[in-house]
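See below for the structure under consideration.
Every number in this text was worked out from the coordinates using simple rules, so none of it is lab data. This structure is a prediction, so every number in the text was calculated from the model and none was measured. Note that we place each Cβ from the backbone using ideal geometry, even for glycine, and neighbour counts take in every protein chain shown.
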Amino acid sequence: MTDSDVDLTDPASFEYWITENVRIADTDMGGHINNTALAAYVESGRVSRLRTAMQQRSGGERWVIAHLDMDFRAEGRPPGQVRIGTRLVRMGSKSVTLGAGIFMADRCLATAHSTMVFLNGAETAVIPEAVRQSLAASPEAKPEE
């Protein structure tokens, strides 16, 4: 699977979803959802998805972010909710790249790629097989909140 195989602007590309309420604190002086709030929404989706793969982890096993890139595609304004789709894009031996799409109504507000490195303690580590299998499998769709 490569980045070019996945259209992060298409909701059909995602099997894992969470929903976040847009708060007034998420907006800027122009009244639209701020870029930092969009990055926080991506983080919420990423953390939620990684937790599904780490239900049975050993002490010290964790993920750290190594790279994040985002494309801002449309303006969003409160009130309302955003839906964050998250999916596996690439898996290496010690890292994964997750793709995200943030949607409000039928519009894609932003897309992102997050590269996460697996650690055991303070050292990078090979992703355990059970975690690899969980990330590669289609997660159960999280019910909309």
Inset, instruction - Can you tell me the 0 to 90 degree angle between the C-alpha axis of helix 35-53 and the longest principal axis of the chain, rounded to 10? - result: 30
Legend entry - Extended-chain gain in nm, criterion 0.36 nm per residue less alpha-carbon gap, GLN133 and GLU61: 24.3 nm
Legend entry - Candidates ASP71, ASP26, ASP106: whichever shows maximal mean-square fluctuation once the chain is modelled as a Gaussian network with Cα springs under 10 Å: ASP106
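By count of other Cβ within 10 Å, fewest leading, how are ASP10, ASP69 ordered?
Working: ASP10 13, ASP69 9.
If I rank by nearby Cβ atoms, fewest first, I get ASP69, ASP10.
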Inset, instruction - In nm, give the distance between the simple-model label positions of LYS94 and THR27, each being 7 Å from the Cα along the Cα-to-Cβ direction. - result: 4.5
Inset, instruction - List the relative contact order of the chain as a percent without decimals, with contacts defined as Cα pairs under 8 Å and 6+ residues apart. - result: 33
Legend entry - Relative exposure of MET29, MET70, judged by other C-beta atoms within 10 Å (fewest first): MET29, MET70
